[in-house]
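The values are calculated or read from the model by the stated rules, or taken from the named source; none is laboratory data. Keep in mind that what you see is a predicted model, and the values were worked out from it rather than measured. Cβ placement follows ideal geometry from the backbone for every residue including glycine, while neighbour counts extend to all protein chains displayed. Just the protein is used for accessible areas: all its heavy atoms, side chains included, with ligands, DNA and RNA removed. Shrake-Rupley method; radii C 1.70, N 1.55, O 1.52, S 1.80 Å.
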Amino acid sequence: MTKSLILISNDDGITSKGIKTLVEVMKELGDVIVVAPDSPQSGMGHAITVGDTLRLEETSIFDSVRAFECSGTPADCVKMARHFVLKDEREPDIIVSGINHGSNTSISVLYSGTMSAAIEGAIEGTPAIGFSLCDYGSDPDFSHTREYIKKIVKQVCGSPPSHPWGPRTPGAREGPPGSRRGGARRTRRSPGRMPPLRRRRGQTARRGRGPAAAAKADAPRQPRARPGRTRRGGSDRSGRTR
């Protein structure tokens, strides 16, 4: 039986701790190929390289896994993998991105390079997942994510392509000592509406910049004077007769 072909990318770079964990888990589920940025690309969103030359170099950073480091963005990596590295080979059965160091929730998905790699795969009709770890520490622990990742990938791989999945795993240090996680739940992503902005006194006005514009914006509004109304044969407000 042919193993599933799993394409892996991320936005933290090919040397990150998260992608190393992801590669180790995916090797248990199928044939793995990695195309990831050669440097961190966090916050790049769905940007692609237009004015510069894209460079792709094979590396032996992972044991017994074909891997390439790309000078472009996460979206570039997926494009290069599908249309260059795998051009004369079979298409990937699933695209897995991550594990991102930090949460990708709500509106952050628009800025996330991790999720953009998954979105690029979904655009081209491939099931795709972008994994994230809700931990912002300098040395995050990814070990507890392995079973969750394996279970979710098994569910998504082979399913009809739809929107990209964005699972988030709590950090290993979250919760009280001795607490246990209750499993995974499928939910809708929150709309991520931004709260209304409130201007404070002394702050720059929306139109114009500098202290003068701010003072003008903070000044109390004066009622607008209405022009005097006149009647035929009467007088206007200045006392002059018509």
Simple spin-label estimate for Lys17/Asp52, 7 Å along Cα→Cβ, in nm, reads 2.7
Once amide hydrogens are built 1.01 Å from N within the peptide plane, the residues lying 5 or more places from Leu54 or on another chain with amide H under 5 Å from its amide H are none
Checked the stretch 1-63 against the a/c 1.5 cut and the a/b vs b/c comparison, axes a ≥ b ≥ c from its Cα gyration tensor; verdict prolate
Can you list the trypsin sites (Lys or Arg not before Pro) in the stretch 47-139 that are in a DSSP coil and have 14 or fewer other beta carbons within 10 angstrom?
Arg55, Lys87, Arg90
Please report the accessible area of Thr2 (heavy atoms, 1.4 Å probe, ligands and nucleic acids excluded) in Å², nearest 10.
110
Taking the full set of protein chains and a 1.4 angstrom probe, give the accessible area of His83 in square angstrom, rounded to the nearest 10.
110
With the Cα gyration tensor of the stretch 25-116 giving a ≥ b ≥ c as the square roots of its eigenvalues, does the rule (a/c under 1.5 for rounded; else a/b larger than b/c for prolate; else oblate) give rounded, prolate or oblate?
oblate
Protection proxy (average C-beta count within 10 Å per residue), highest first, orders 132-141, 56-65 as 132-141, 56-65
Any chance you could run the full-extension gain for Tyr136 through Cys157? It's 0.36 nm times the residue separation minus the Cα-Cα distance, nm to one decimal.
4.7 nm
I'd like the FRET efficiency for Ile107 and Ser39, computed as 1/(1 + (r/R0)^6) with the beta carbon distance as r and R0 of 22 Å, rounded to 0.05.
0.30
Under the rule rounded for a/c under 1.5, else prolate if a/b exceeds b/c, else oblate, using alpha carbon gyration tensor axes a ≥ b ≥ c, the stretch 1-154 is classed as rounded
